[in-house]
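Presented below is the structure to which this report refers.
Bear in mind these aren't lab numbers, they're just calculated from the coordinates by the rules spelled out. Since the model is a prediction, treat every value here as computed from it, not as a measurement.
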Amino acid sequence: MSMNFINHQSAAALGKNVTKVLSNVLKKHACVEKWLNGFGKVLKNNSVYSVRMEEQEKRGFAVLVGSSHPELALLIINRLPARLFEMRVYHQSNRETMLEMKESVRGKEIFIIQTATHNVNDDIMELLIMIYACKTASARRITVVMPYLPYTKCQNREKRTPIVSKLLANMITKAGASRVITLDLCRPEVQGFYSIPVDNVRASWFLAERIRERISDYKNAIVIAKNPTVMPKASSLAEKLGLILGVIHGEMEPLEEEEQSLTNSIATSSSNSSGSSDSLSKQQLPHHQVPLTLIGDVGGRIAILVDYVIDYVESFIRSAEVLKRRGAYKIYVVATHAIFGHNAPLLLENSVIDTVFVTNSIPHELQKLQCHKIETIDVSPILSEAIRRCFNRESLSRLFSDVAVQD
């Protein structure tokens, strides 16, 4: 009897303990459930807060787009929590540029996207009017996003020639700009002309990635700087690809208009003077083309000819012919900016150049349709990221983490 009583008592105690444990578990479960419900509300509130932040950013963050390159501007805007500001740019019958703003910019942070094309002076004037219109309308801050900054490719300063890039810097600053974002300056020293911050983001990563994708045997290539001034960009690209480096000396761009003008002057002088045709000899003609000297062995290799901007296609074709004669079996041209002339597609199509890699910093869709050798690389991701970081007051150093010191 006693043994049965003890077993019964133990079973009763065990039942109480189990009941107590289950009760604690249920209480904890209720607490957990309550906590989860509360956490869900927090997540929901955070989600609403994020949406409100995005709406707030859209209200205080506006983008103005010039008429130079709306396609690139649209690619940039699609990557940002911003909207396109409504305005109208038009030309009067006397060719004066006029701007009509449809909305208020008071207290807003404005980003103006405008690049330089063949109509470079019209593009600059339009940009200045847009900046000044925002400034006089009490915009909080104005950032100019100009992928291709013009008047920065001066090779050598001739006699009595002005430094126009300094003048342009003064005009942009005086118009009311607070900051400038640009892409691959031909001369990084130009940043010193500005009294406002200038962020010169690089396209070298995009160029290197396209080379890896499109050139299967790129390891058998050599990077050639088109002239000594391009060495920083060429060496940065060669470092990213793990390739050797070469350079072409002696390449200079001929000034056809100056030569034609001086030739006409000689013809006029000789016709107006009797027997004085030798007074203006051929030595007075500007000599801009000199023999090219290649440093680097391209025999049996792929040659990657590098420059900042393509604006005179004939000089690239001339350099490519030298590389071909030296034994290069494929020739690629790589440049950040491309200002193709009217005859550039035909010249490239009939040249020894295999492919031309350029970014979409300058519109060239029409020329691309006329020449299958032109391939375009989209740089809107890095420009949109630079805009986002500027608006959020974040550091732009992340964009330069893989940029070589010399680039």
For this session: Would you give the gap between the C-alpha center of region 67-96 and the C-alpha center of region 189-228, rounded to a whole Å?
Result: 27 Å
Exercise. If the viscosity is 1.306 mPa s and the temperature 10 °C, what Stokes-Einstein diffusion coefficient in µm²/s follows for region 59-201 when Rh is the Kirkwood radius over Cα pairs?
Worked result: 101 µm²/s
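Could you work out the relative contact order of region 59-201? I mean the mean sequence separation of Cα pairs under 8 Å and 6+ apart, divided by the number of residues, in percent.
Relative contact order here is 20 percent.
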Seminar exercise, completed: Length gained, Leu84-Ser138, 0.36 nm per residue minus C-alpha separation, equals 17.6 nm
Seminar exercise, completed: For the table Lys174/Lys233; Lys219/Lys373; Lys135/Lys159, the rows whose alpha-carbon distance is greater than 28 Å are Lys174/Lys233; Lys135/Lys159
